[in-house]
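Novice: Let me begin by handing over the structure; questions about it come next.
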Amino acid sequence: MPLKTVASLDVQRLEILSPDGTADEALMPKVDKDLLLKMYRLMSQIRAFDERAIMLQRQGRLGTYPMITGEEATQCVPPLCLKPADWCVPTYRGGGVYFARGMRMRHALLYWAGDDRGTHFPEGNNDMIFSIPVGTHLTQVAGLAWGEKLKKKGGVALTYCGDGTSSKGDLHEALTFAGQFKLPAICIIENNGWAISVPRRRQAASETLAQKAWGYGVRGLQVDGNDCLAVYKAVSEAVARARKGEGPTLIECETYRMSHHTTADDATRYRDAKEVEAWKKRDPISRMRKFLEKRRLWDDKKEKALAAETQKWIEGEIKAYEETPAPNPLNMFADNYAHAPWSLIEQRAELEEVLKFKGGAKILMELPPTEGRFP
Amino acid sequence: MSPKTMAKPAKKTAKPTQPAAPRVLNLVQAVNEALDVAMGADERVMVLGEDVGRNGGVFRATEGLWKKYGDARVVDTPLAEIGILGSSIGLAIDGMRPVAEIQFDGFLPSVFDQVVCHLGRIRSRSRGKLSVPLVLRAPHGGLIHAPEHHSESPEAYFCHTPGIKVVIPSTPYDAKGLLLAAIEDPDPVMFFEPKLLYRAATGEVPAGRYTVEIGKARVVQEGKDLTLITWGAMTVTCQKAAEKLASEDGASIEILDLRTLSPLDLEAILASVGKTGRCVIAHEAPNTGSWAAELSALIAERGLLRLLAPVRRVGGWDIRMPLFRLEQYYIPDADRVVMAARKALRF
């Protein structure tokens, strides 16, 4: 008997905005002027923030910091497709996502300065702290989406993972659940080309990462991740489908990590500078600026005003971050349990003894007030 | 066909000779040199993990190996820890000698199914026919101001698991000798490397091959009043504490660096505690259910009548490792070791 084709893959790639700022009008998503300007503002501001954060780290004013530059469209646009009550779970390289969700960047700075008080999200938002061991959040997000499905209020869960993380079993299990239970979930693979020193082509032998979706009965597509309009169209459609009960979508956003993995990395050890140069031409921000200028929505004067406003905002966030008093060491015992067991009560008292041993009897009075719930 | 006959023939390993003249290396250079020596001597030895190839490892432990031994033996794997350990188990059963790297201690829990259910059981489940002679390397411990999940001390989980050996050096000499011993060991070895000491610990290291026997502790300094039992970076903290106890209390402190956590050097432990009668165990992990708890139980079971004071444990608190602004209040410092030692000395 002749072999029959029982399934076939048709992996599509969405691009709307070309690097010279021309948009394919036939594919344009429904976006008003304010939304277009908001996308541009968010991307510009987070890049300026990123540059300052790297400087702070180099000056010894911040700990290890993961760069965002180059990935602004993939990060800042998808949250604009969500409601605050929808779940949003980025990766550790998710500064742009959190910023677009309304997080104050003073908290992001605190987190990367090693202060647990940095995991502070806007009230009313369903944001979750990212996972540093990569990919472990993906099955949890399936659970978040599952809960939203059970509540029947149209809530969805959006999450991210990197091209590296797409190699982990976690994505396999998360997609298995999402497909099987037809969950209102959207997973963006933020394919920035590099998992520290390992290029995308060494992660998977498949032509695209988007096609992984087909193995699980999940809708999948690839998007130019440096094209805000394409990212917006793909994610907003996926969110709409999820809300209507039409199931999950896996979106591979192809973008590029313009900088090192983190400030602790040196990409020049393993990456060809020519590759970085080539990607500069596909920059998401300058592309959007050209588009806005063509539509007479943007000009040099507005750019200058935005730059000045951004600098002021960044200075304010850095000031607020640096003026945050050092944490009280006793804080670490708070919020480990709803009700702390005897062992923690005893150990916290022991830490008080240690502090007194180091700084004398007065030390406990001199420490900043404790924060968090204990016992 | 036995796995041995399936393997590529090993190059003849040179018989142990007198070590060549020592040079001063740091701990990560010693690890690197051990890998180089092992790979040079035995074609079955291969290194695999995330960023271990072209980048030379995020701590540079595998620096230069990719260039020297090539893609097939120094492998940048996809980002998949279960894949790294699971395939290493398969490679080891098939006769290779994989040295797998998990990039950070906080990424180890994802390989747990392979560790607990397979790594240490394959020899006994195959009734001795198969073995898993692999080494799983991972950085260990905190105090380098690293991001979350990069400062963990998960040794107790591994020590609790039968069938595997657990090693943690605190000097460059021991790092090289123990890693070479681990690679040559017929059973799986979890090899922790204290990341605080990667560059901070320097010492004389002989060139070429030598081994430090797995299962033997090291007496860092002799003393008669109290034994500090420790491992990893805490060894250095205990040395500082011992100096303070000597100068301020006139106490004579013996320090035992376990070097191998499983199997324990019971003889050395009982000999030292039997001599001093007082013991403090210092480590970075939370005390409850820790390897210090096992040591404390062993000493109580086998050395109770020699004790002059209860055994004390100084460890992390029973909470998650905080972000780094507070890590120095979580991981015991010399003051906390001194406080515990004084309680034992004055009991």
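The values are calculated or read from the model by the stated rules, or taken from the named source; none is laboratory data. What you see is a predicted model; the values in this text were computed from it and never measured. All Cβ positions, glycine included, derive from the backbone under ideal geometry; neighbour counts span all protein chains shown.
Novice: Which one of the conditions (1) free of Cβ contacts under 8 Å to residues at least 40 places away in the same chain; (2) within 14 Å of chain B (Cβ to nearest Cβ); (3) loosely packed, with under 12 Cβ neighbours inside 10 Å does residue A:336 fail to meet, given that it meets all the rest?
Specialist: Answer for residue A:336: the failing condition is (3).
Novice: If you don't mind, another one. Within the group B:285, B:268, B:292, which residue is under 19 Å from the mean Cα position of the chain (by Cα) and closer than 15 Å to residue B:220 by Cβ? Before you say what the answer is, go through the steps one by one.
Specialist: Details: B:285 fails: closer than 15 Å to residue B:220 by Cβ; B:292 fails: closer than 15 Å to residue B:220 by Cβ.
None of the others qualify; the one that does is B:268.
Novice: Next up: For segment B:294-318, name all the residues that are buried (at least 21 other Cβ atoms within 10 Å of the Cβ) and of a type in the set (A, V, I, L, M).
Specialist: B:295, B:299, B:311, B:314
Novice: Consider residue A:102 against the criteria (1) surrounded by fewer than 22 Cβ atoms within 10 Å (Cβ to Cβ); (2) within 14 Å of chain B (Cβ to nearest Cβ): it satisfies all of them except one. Which criterion is unmet?
Specialist: Checking residue A:102 against (1) surrounded by fewer than 22 Cβ atoms within 10 Å (Cβ to Cβ); (2) within 14 Å of chain B (Cβ to nearest Cβ), the one that fails is (2).
Novice: Name every residue in segment B:319-332 that is within 24 Å of the chain's Cα centre (by Cα), buried (at least 18 other Cβ atoms within 10 Å of the Cβ) and within 10 Å of chain A (Cβ to nearest Cβ), in order of residue number.
Specialist: If we filter segment B:319-332 for residues that are within 24 Å of the chain's Cα centre (by Cα), which is where we start, we get B:319-324, B:327-332.
Filter again for buried (at least 18 other Cβ atoms within 10 Å of the Cβ), leaving B:319, B:321-324, B:327, B:329-332.
Within segment B:319-332, B:319, B:321, B:322, B:323, B:324, B:327, B:329, B:330, B:332 qualify.
Novice: Over 17 Å from residue A:110 (Cβ atoms), surrounded by 14 or more Cβ atoms within 10 Å (Cβ to Cβ) and facing chain B (nearest Cβ under 10 Å): does that describe residue A:344?
Specialist: Values: over 17 Å from residue A:110 (Cβ atoms): yes; surrounded by 14 or more Cβ atoms within 10 Å (Cβ to Cβ): yes; facing chain B (nearest Cβ under 10 Å): yes.
Spelling it out, residue A:344 is indeed over 17 Å from residue A:110 (Cβ atoms), surrounded by 14 or more Cβ atoms within 10 Å (Cβ to Cβ) and facing chain B (nearest Cβ under 10 Å).
Novice: Being of a type in the set (Gly, Ala, Ser), surrounded by fewer than 22 Cβ atoms within 10 Å (Cβ to Cβ) and within 9 Å of chain B (Cβ to nearest Cβ) is the filter here, so list the residues in segment A:115-139 that pass it. Explain how you work it out, then say what you get.
Specialist: Our first condition is that a residue be of a type in the set (Gly, Ala, Ser); within segment A:115-139, this holds for A:118, A:124, A:131, A:135.
After this cut, where a residue has to be surrounded by fewer than 22 Cβ atoms within 10 Å (Cβ to Cβ) as well, the list is A:118, A:124, A:131.
Those that are of a type in the set (Gly, Ala, Ser), surrounded by fewer than 22 Cβ atoms within 10 Å (Cβ to Cβ) and within 9 Å of chain B (Cβ to nearest Cβ): A:118, A:131.
Novice: Regarding segment B:96-104, can at least one residue be identified that is over 23 Å from the mean Cα position of the chain (by Cα) and at pLDDT 95 or above?
Specialist: No: zero hits.
Novice: Ok, one more. Could you tell me which residue of segment B:184-201 is farthest from residue B:35 (Cα to Cα), considering only residues that are acidic (Asp, Glu) and surrounded by fewer than 24 Cβ atoms within 10 Å (Cβ to Cβ)?
Specialist: Start the filter on segment B:184-201 by keeping residues that are acidic (Asp, Glu), which leaves B:184-185, B:187, B:193.
With the extra rule that they be surrounded by fewer than 24 Cβ atoms within 10 Å (Cβ to Cβ), the set shrinks to B:184-185, B:187.
Numbers: B:184: 11, B:185: 14, B:187: 18 Å.
Once the filter is applied, the top-ranked residue is B:187.
Novice: Here is a check on your reading of the model: is residue B:198 assigned to a helix (DSSP H, G or I) and touching a Gly at 6+ places or on another chain (Cβ under 6 Å)? Lay out the reasoning, then the answer.
Specialist: Numbers: assigned to a helix (DSSP H, G or I): yes; touching a Gly at 6+ places or on another chain (Cβ under 6 Å): no.
It is false that residue B:198 is assigned to a helix (DSSP H, G or I) and touching a Gly at 6+ places or on another chain (Cβ under 6 Å).
Novice: State the number of residues belonging to segment A:57-75 that are more than 14 Å from chain B (Cβ to nearest Cβ) and out of contact with any Pro (no Cβ under 9 Å at 6 or more places or on another chain). Talk me through it step by step, then tell me what you get.
Specialist: Keep residues of segment A:57-75 that are more than 14 Å from chain B (Cβ to nearest Cβ), which gives A:58-59, A:68-75.
In the following step, the residues that additionally are out of contact with any Pro (no Cβ under 9 Å at 6 or more places or on another chain) were identified as A:58-59, A:68-69.
Residues meeting the conditions: 4.
Novice: Another question, then. Restricting attention to segment A:347-362, and to residues there that are out of contact with any Asp or Glu (no Cβ under 8 Å at 6 or more places or on another chain) and within 12 Å of chain B (Cβ to nearest Cβ), which single residue is farthest from residue B:288 (Cα to Cα)?
Specialist: Within segment A:347-362, the first condition is being out of contact with any Asp or Glu (no Cβ under 8 Å at 6 or more places or on another chain), and the residues that meet it are A:348-353, A:355-356, A:360-362.
When the remaining residues are screened for being within 12 Å of chain B (Cβ to nearest Cβ), the result is A:348-353, A:355-356.
On the way: A:348: 15, A:349: 17, A:350: 15, A:351: 16, A:352: 20, A:353: 20, A:355: 22, A:356: 24 Å.
Only one residue fits best here, namely A:356.
Novice: Please work out if residue B:253 is under 25 Å from residue A:354 (Cα atoms), away from chain A (no Cβ under 14 Å) and crowded, with 19+ Cβ neighbours inside 10 Å.
Specialist: Values: under 25 Å from residue A:354 (Cα atoms): yes; away from chain A (no Cβ under 14 Å): yes; crowded, with 19+ Cβ neighbours inside 10 Å: yes.
So residue B:253 passes the test.
Novice: Follow-up question, since we're still on this one. Which numbered condition in (1) more than 18 Å from residue B:342 (Cβ to Cβ); (2) surrounded by fewer than 24 Cβ atoms within 10 Å (Cβ to Cβ) is the only one that residue B:232 fails?
Specialist: With (1) more than 18 Å from residue B:342 (Cβ to Cβ); (2) surrounded by fewer than 24 Cβ atoms within 10 Å (Cβ to Cβ) applied to residue B:232, the lone miss is (2).
Conditions (1) among the hydroxyl-bearing types (Ser, Thr, Tyr); (2) surrounded by 24 or more Cβ atoms within 10 Å (Cβ to Cβ); (3) under 23 Å from residue A:73 (Cβ atoms), marked per residue:
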{"position": "A:202", "(1), (2), (3)": "no, no, no"}
{"position": "A:208", "(1), (2), (3)": "yes, no, yes"}
{"position": "A:221", "(1), (2), (3)": "no, no, yes"}
{"position": "A:238", "(1), (2), (3)": "no, yes, yes"}
{"position": "A:245", "(1), (2), (3)": "no, no, no"}
{"position": "A:260", "(1), (2), (3)": "no, no, yes"}
{"position": "A:272", "(1), (2), (3)": "no, no, no"}
{"position": "A:281", "(1), (2), (3)": "no, no, yes"}
{"position": "A:286", "(1), (2), (3)": "yes, no, yes"}
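Novice: Can you tell me which residue within segment B:333-347, out of those that are more than 10 Å from chain A (Cβ to nearest Cβ) and within 24 Å of the chain's Cα centre (by Cα), is nearest to residue A:114 (Cα to Cα)?
Specialist: B:334
Novice: Going through A:196, A:186 one at a time, which residue ends up being buried (at least 19 other Cβ atoms within 10 Å of the Cβ) and on the phi > 0 side of the Ramachandran plot? Outline the logic, then answer.
Specialist: Values: A:186 fails: on the phi > 0 side of the Ramachandran plot.
That would be A:196, the only listed residue that is buried (at least 19 other Cβ atoms within 10 Å of the Cβ) and on the phi > 0 side of the Ramachandran plot.
Novice: How many residues are crowded, with 24+ Cβ neighbours inside 10 Å and in a loop (DSSP other than H, G, I, E, B) when one looks only at segment B:153-183?
Specialist: 5
Novice: Taking the condition out of contact with any Gly (no Cβ under 9 Å at 6 or more places or on another chain), surrounded by 13 or more Cβ atoms within 10 Å (Cβ to Cβ) and on the phi > 0 side of the Ramachandran plot, does residue A:316 pass?
Specialist: Numbers: out of contact with any Gly (no Cβ under 9 Å at 6 or more places or on another chain): yes; surrounded by 13 or more Cβ atoms within 10 Å (Cβ to Cβ): yes; on the phi > 0 side of the Ramachandran plot: no.
In short, no.
Novice: Run down B:254, B:213 and say which single residue is touching a strand residue (DSSP E or B) at 6+ places or on another chain (Cβ under 9 Å) and either part of a strand (DSSP E or B) or farther than 25 Å from residue B:274 by Cα (or both). Outline the logic, then answer.
Specialist: On the way: B:213 fails: either part of a strand (DSSP E or B) or farther than 25 Å from residue B:274 by Cα (or both).
After applying the criteria, what remains is B:254.
Novice: Residues of segment A:108-139 being in contact (Cβ under 8 Å) with a residue 12 or more places away in the chain and in a helix (DSSP H, G or I), which ones? Outline the logic, then answer.
Specialist: Here is the first cut: in segment A:108-139, the residues in contact (Cβ under 8 Å) with a residue 12 or more places away in the chain are A:108-110, A:112-117, A:119-122, A:124-128, A:130-132, A:134-139.
Matches in segment A:108-139: A:108, A:109, A:110, A:112, A:116, A:117, A:138, A:139.
Novice: Here is a follow-up. Can you tell me which residues in segment B:306-318 are more than 9 Å from chain A (Cβ to nearest Cβ) and among the hydrophobic types (A, V, I, L, M, F, W, C)?
Specialist: Of segment B:306-318, the ones more than 9 Å from chain A (Cβ to nearest Cβ) are B:306-316.
Passing the criteria: B:307, B:308, B:309, B:311, B:314.
Novice: Of the residues in segment B:268-289, how many are within 14 Å of another protein chain (Cβ to nearest Cβ) and more than 17 Å from residue B:340 (Cα to Cα)?
Specialist: Within segment B:268-289, residues that are within 14 Å of another protein chain (Cβ to nearest Cβ) and more than 17 Å from residue B:340 (Cα to Cα) number 1.
Novice: Do we find that residue A:371 is surrounded by 13 or more Cβ atoms within 10 Å (Cβ to Cβ), charged (D, E, K, R) and in contact (Cβ under 8 Å) with a residue 60 or more places away in the chain in this structure?
Specialist: Here the answer is yes, as residue A:371 does meet what is asked.
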